[in-house]
Amino acid sequence: MTFLSSSRLTSVALAAALAALPAIAQDTASEEPAAEAEASQPADAAGAPAATETEQSTDQSLGQPYVAEVAGDWQIECLRTTLEADPCRMVQILLDQGNPAVRVEVMTLPAASPAPAVATFYAPLETLLSEQLTLSIDGGRKSQHQFNYCTPQFCVAQVPFAPDAVTAFKRGAKAEASIIPLRAPDQRVNLTMSLTGFTAGYDKLAELNKASEEAIRKAQSAGGN
């Protein structure tokens, strides 16, 4: 099972790949309503009624995530845009003694990317970063992955998947992600990641994101005319 190293896919390049679809979609979402409103606004618009509650609600939901589908223990979460298809990711919350501990997001990447997919782990702030994130599937070989950065809410480890890593996750029953708390460096927190539904979810995710890429290209082409 191969996870691409940072020397082959830097965090900067990975962040750009992850951000590309939502960023373009949001730009389109913000520009299209304004253009439509300007084109359809009558000369005596001063006396026109305000936007309906439905229209206002739709505008407010742009850029917001929603659950498009559930595959086993995974949710397919998409970002609402005005495009024909929205960009999506697969999500699972890992629990520590019944409490949410780490959020995992899996996203398929465009065909030209160095990796077919990437998993992003959002760990608590008080994680001992020097000990890295440890991953294994069905008790097999363990691999360690550096944390890329922290925000005021969490610390992030981005793990690019080579094709054989995707295959291993599809074939597995469960994976384990482990971190070490900053305040308890002698303890390891082992978190179970269910792989139930991973295959169906991943294949559906790839289908949805391919449609999203096509929708973005179509919008870009229309914008250039």
Margin query: Need the failing condition index for residue 179 against (1) hydrophobic (A, V, I, L, M, F, W, C); (2) in contact with a Ser or Thr (Cβ under 7 Å, 6 or more places away or on another chain); (3) more than 15 Å from residue 132 (Cβ to Cβ), just the number.
Written below: (3)
Check: For residues in segment 68-96 being under 15 Å from residue 194 (Cα atoms) and β-branched (Val, Ile, Thr), which is surrounded by the most Cβ atoms within 10 Å (Cβ to Cβ)?
Finding: 76
Check: Mind checking which residues of segment 171-181 are over 14 Å from residue 73 (Cβ atoms) and out of contact with any strand residue (DSSP E or B) (no Cβ under 6 Å at 6 or more places or on another chain)?
Finding: 171, 180, 181
Margin query: Criterion first (within 25 Å of residue 67 (Cα to Cα) and in contact with a helix residue (DSSP H, G or I) (Cβ under 8 Å, 6 or more places away or on another chain)) does residue 198 satisfy it?
Written below: yes
Next item on the list: Give the residues of segment 127-170 that are charged (D, E, K, R) and either more than 27 Å from residue 110 (Cβ to Cβ) or touching a helix residue (DSSP H, G or I) at 6+ places or on another chain (Cβ under 9 Å) (or both), sorted by residue number.
Entry: 131, 138, 141, 142, 170
Next item on the list: Mind listing just one residue for me: the one in segment 106-120 that is of a type in the set (Gly, Ala, Ser) and surrounded by 20 or more Cβ atoms within 10 Å (Cβ to Cβ) and, of those, modelled with the lowest pLDDT?
Entry: 115
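The values are calculated or read from the model by the stated rules, or taken from the named source; none is laboratory data. Owing to the predicted nature of the structure, the values given are computational and were not obtained by experimental measurement. We place every Cβ from the backbone using ideal geometry, glycine too, and count neighbours over all the protein chains shown.
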